[in-house]
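One structure is given here, and the rest of the page talks about it.
The values are calculated or read from the model by the stated rules, or taken from the named source; none is laboratory data. Bear in mind that the values here come from a model prediction, so they are computed numbers and not experimental data. Here the Cβ positions follow ideal geometry from the backbone for every residue, glycine too, while neighbour counts run over all protein chains shown.
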Amino acid sequence: MRNSRIERNTGETRISLSLNLDGEGNFSGSCGVGFMDHMLHAFCVHGGFDLELQMTGDLEVDCHHSIEDLGIVLGKAFSQALGDKKGIGRYGSFYIPMDEALAFCSLDISGRPFLVFEAEWENERVGMLDCCMVKEFFRAFAFNSGMTLHLKVEYGENDHHKIEGLFKAAAHAMKEAVRMNQDGRLLSSKGMLE
């Protein structure tokens, strides 16, 4: 089983997170932002990951610290669970239609973190989640997991649908990228992923 557990405590957030890459799609706990919990649940269901989260943050300020720190910790958890990355598919790409919206994700668990993010929002927030924090979450996730991550909303009107499409596309792409190949070899012509 590919598991990890990360704890991170700062003056802004306290996070304890457990991740199982080979799970059944279960999410438990809360980050304190209801819409983000909804996204984490969708991410787990569509990726086949099990995630347990205990978290408190300075939400009286706004959601920024909580969402960014969650991305940091989740990225570190994926990196730790993947270990030396031997045997993984490494690449993943997926489109998700959400009613009128279409979202796309393509990624490479390369050890070379990068984020390309293209999305425009109609509103300032969905629930308690500031829409601008979607990019910040994925930036923190990509840079702390060591992943090259491309995310794009091709089109859409409803911000809920656009954001959820991105999370589901990322989940399916991650599921593909972490899937084990038959021979257990490292998928790199240079012999390393970093």
Taking the condition of being buried (at least 19 other Cβ atoms within 10 Å of the Cβ), part of a loop (DSSP other than H, G, I, E, B) and touching a Ser or Thr at 6+ places or on another chain (Cβ under 9 Å), how many residues in the range 33-72 meet it?
1
Is it the case that LEU19 is touching a Ser or Thr at 6+ places or on another chain (Cβ under 9 Å), surrounded by 14 or more Cβ atoms within 10 Å (Cβ to Cβ) and free of Cβ contacts under 8 Å to residues at least 40 places away in the same chain?
no
Can you report the number of residues in the range 97-151 which are surrounded by fewer than 23 Cβ atoms within 10 Å (Cβ to Cβ), over 15 Å from the mean Cα position of the chain (by Cα) and not small (Gly, Ala, Ser)?
17
Take MET174 and decide whether it is modelled with pLDDT of 95 or more, in a helix (DSSP H, G or I), touching a strand residue (DSSP E or B) at 6+ places or on another chain (Cβ under 7 Å) and within 26 Å of ARG8 (Cα to Cα).
yes
Would you mind finding the one in ARG185, ARG112 that is among the charged types (D, E, K, R), at pLDDT below 95 and either assigned to a helix (DSSP H, G or I) or closer than 21 Å to GLY71 by Cβ (or both)?
ARG112
Can you tell which of SER4, SER110 is more than 23 Å from LYS135 (Cβ to Cβ) and either of a type outside the set (A, V, I, L, M, F, W, C) or in contact (Cβ under 8 Å) with a residue 24 or more places away in the chain (or both)?
SER4
